[in-house]
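Peer 1: Let me begin by handing over the structure; questions about it come next.
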Amino acid sequence: MINENPVAGTTPANAPSRIEILLVGMNGDLRGKQVPIEAEKKVWEGTVRLPSSTQSLDIWGDDNDDITGLSISIGDPDGNCIPDRRSLAALPWAPAGSKQVLATMHELDGTPSFMCPRAILANLLKRFEERGLTPVVATELEFYVVQDDWRVTGKPRPPERLMYRDQPNGFQLYDMGAVDALEDYLQTLRTWARDMELPADATTAEFGHGQFEINLLHRPDALAAADDCIYLKRVAEQAARRHGLKSTCMAKPYADQAGSGLHVHASIIDRDGRNILDAKGGDPKKLTSICAGMLKTMRDAQLIFAPFANSYRRFQPGSFAPVDIDWGFGHRGTAIRIPDKDGPAARVEHRVAGADVNPYLLLTAILGGILLGLDEDLDPGPATEPGKDPVGVGRLTHDFLTAVEDFSASPFIADVFGPAYQKLYGDTKRKEAITYLRTVSDFDYQTYLPRI
């Protein structure tokens, strides 16, 4: 039964329905407006406005006009929120008849904003279209469910319902008991996902205590696949609120538990519907060449795959989060894994990103690397084999600020994301990284204060 505790969020029975028009920010956050359903017409007319700088806000919601010059210094101009009708979905936690739709920010002259993640991905997809190619993409999202008292306690803790047996380490991989313990929450999530027509597939319990994974089915439309992922994150959060819980896509919420990733599966089909990555039915060199393209650009794009200071706590030796820039056949410890190389299911799996990633920027970076491998004949080097040391072209960084500088200096990033967005994202993340470095933590006090 759904928890009707007002703290978890409820709606009066006679509340009016609405349509929410949503923009995706730099950090994957949703911002927008609620419009009464009787005024829905103006949403489709494209006359709903928000300041263009809405797309430049950092993780704290600051527009950073002093370093970007995109807000009050130029009058904080409006942009138009142009809805994508393909993303129109029910709003199942709101009054009956309510809807939501994702939008792309446009300048008043009609051009898509260089700051809008949806526009950035759409622009890259045009390059595939020009080549007569279509990326087919699916995502696998991991997230934690925690008690909703984290503001009081100062840290997350697993749902009390998961304490159904003595688990000293909390590991629950594929444990159906963990799924059963949160069946009411997961059922609400699945019901709402179905109501929104999200292509959600399997749900599994992951390693961490209170950690779950939901797979989304492949889409021959990468923009729609990113929309699915952002909606899934929202559904997971809203369902948790309804049950007095909290969901989080924080990459590493617990020091002693597994981090949460967002894996991407991708294949490429041509105009005739053939998978060009099929080693038997296509060009056998294409599969390895696109792996090389992703590996070659991986350090430059790591700031996209790991966008926050906490993200870098996930990259630890001996974990399923890769630390080496390598690839392998069926090897879950590599950065790029090839689950299948023959037949229509031939594809690559990109395993670097955390669950905290912006899915539009993530797919832009991955597909940009794939495009490099399609346009050039690249060699990824030997594959990493199970039981042997990684065979790679380097290592991922464990340092937030280093990732910022690699991103900011990269010609690849400038080409794929545009120089203006490269500067905006790099400058904003540099400020965040420096703020993190300037923060003295409890670890510092507990370790150094009594000893130095």
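Peer 1: Leaving out ligands, DNA and RNA, and with a 1.4 Å probe, what % of the accessible surface on the chain is carbon or sulfur?
Peer 2: Carbon and sulfur together cover 53 percent of it.
Peer 1: Convert each backbone phi in segment 369-377 into a coupling constant with the Karplus relation 6.51 cos²θ - 1.76 cosθ + 1.60 (shift: θ = phi - 60°), then list the ³J(HN,Hα) values in order as whole Hz, x for Gly and Pro.
Peer 2: Result, ordered by residue: x, 4, 4, 4, x, 7, 7, 10, 9 Hz.
Peer 1: In addition: Measuring from label point to label point, each 7 Å out along Cα→Cβ, what is the residue 107 to residue 38 span in nm?
Peer 2: Taking the two extended label points, one gets 3.8 nm.
Peer 1: Please work out whether segment 349-449 counts as rounded, prolate or oblate from its C-alpha gyration tensor, where a ≥ b ≥ c are the square roots of the eigenvalues and a/c under 1.5 means rounded, while otherwise a/b larger than b/c means prolate and anything else oblate?
Peer 2: oblate
Peer 1: Taking amide H positions as placed 1.01 Å from N in the peptide plane, with prolines and chain starts having none, which residues 5 or more places from residue 347, or on another chain, fall under 5 Å of its amide H?
Peer 2: Amide H neighbours of residue 347, under 5 Å, 5+ apart: 340.
Peer 1: Right, next: Amide H neighbours of residue 221 under 5 Å, counting only residues 5+ apart in sequence or on other chains, H built in-plane at 1.01 Å?
Peer 2: 137
Peer 1: In terms of modelled amide H atoms, which long-range or inter-chain residues lie less than 5 Å from the amide H of residue 331?
Peer 2: 338
Peer 1: Another one. Would you be so kind as to identify which of 69, 113, 338 lies farthest towards the positive end of the dipole of the chain, taking Lys and Arg as +1 and Asp and Glu as -1 on Cβ and the Cα centre as origin?
Peer 2: 338
Peer 1: Report the local net charge at residue 395: Lys and Arg +1, Asp and Glu -1, summed over other residues whose C-beta lies under 11 Å from its C-beta.
Peer 2: Net local charge, residue 395 excluded: -1.
Peer 1: How do 116-123, 429-436 rank on mean C-beta neighbours within 10 Å, highest first?
Peer 2: Peptide ranking by packing, descending: 116-123, 429-436.
Peer 1: On to the next question. Relative to the Cα centre, what is the charge dipole magnitude of segment 123-246, using +1 at the beta carbon of each Lys and Arg, -1 at the beta carbon of each Asp and Glu, and rounding to the nearest 20 debye?
Peer 2: 400
Peer 1: While we're looking at this one, here's another question. Can you find, among 449, 394, 236, the residue sitting farthest towards the positive end of the charge dipole of the chain, where Lys and Arg contribute +1 and Asp and Glu -1 at Cβ?
Peer 2: 236
Peer 1: Sequence gap at least 6, Cα distance under 8 Å: using those rules, report the relative contact order of segment 297-452 to the nearest whole percent.
Peer 2: This gives 28 percent for segment 297-452.
Peer 1: Follow-up question, since we're still on this one. For the chain, with only Lys/Arg (+1) and Asp/Glu (-1) charged at the beta-carbon, what is the dipole magnitude about the Cα centre, in debye rounded to 20?
Peer 2: The calculation lands at about 260 debye.
Peer 1: For residue 86, tell me the accessible area in Å² from a 1.4 Å probe, rounded to the nearest 10.
Peer 2: Rounded to the nearest 10, that gives 150 Å².
Peer 1: Could you compute the net charge surrounding residue 118? Neighbours are other residues with a C-beta less than 12 Å from the C-beta of residue 118; K and R count +1, D and E count -1.
Peer 2: Neighbourhood net charge equals -1.
Peer 1: Please get the size of the charge dipole for segment 357-452, origin at its Cα centre, with Cβ charges of +1 on Lys and Arg and -1 on Asp and Glu, quoted in debye to the nearest 20.
Peer 2: It works out to roughly 540 debye.
Peer 1: Could you list the residues of segment 215-247 with an amide nitrogen less than 20 Å from a label point located 7 Å from the Cα of residue 126 in the Cα-to-C-beta direction?
Peer 2: Answer for segment 215-247: 221-227.
Peer 1: Going by the alpha-carbon gyration tensor, a ≥ b ≥ c the square roots of its eigenvalues, is segment 206-270 rounded (a/c under 1.5) or, if a/c is not under 1.5, prolate (a/b greater than b/c) versus oblate?
Peer 2: The shape class here is oblate.
Peer 1: By how many nm would the segment from residue 85 to residue 389 lengthen if fully extended, with 0.36 nm per residue of separation less the alpha-carbon distance?
Peer 2: Additional length available on full extension: 104.6 nm.
Peer 1: Still on this structure, please answer the following. By the gyration tensor of its Cα atoms, with a ≥ b ≥ c the square roots of the eigenvalues, what is the shape of the chain: rounded for a/c under 1.5, prolate for a/b over b/c, or oblate?
Peer 2: rounded
The values are calculated or read from the model by the stated rules, or taken from the named source; none is laboratory data. In this text the structure is predicted, and so the values were computed from the model without any measurement. Glycine gets a Cβ as well: all are built from the backbone with ideal geometry, and neighbour counts include every protein chain shown. Protein only, heavy atoms only, side chains kept; ligands, DNA and RNA dropped before computing areas. Shrake-Rupley method; radii C 1.70, N 1.55, O 1.52, S 1.80 Å.
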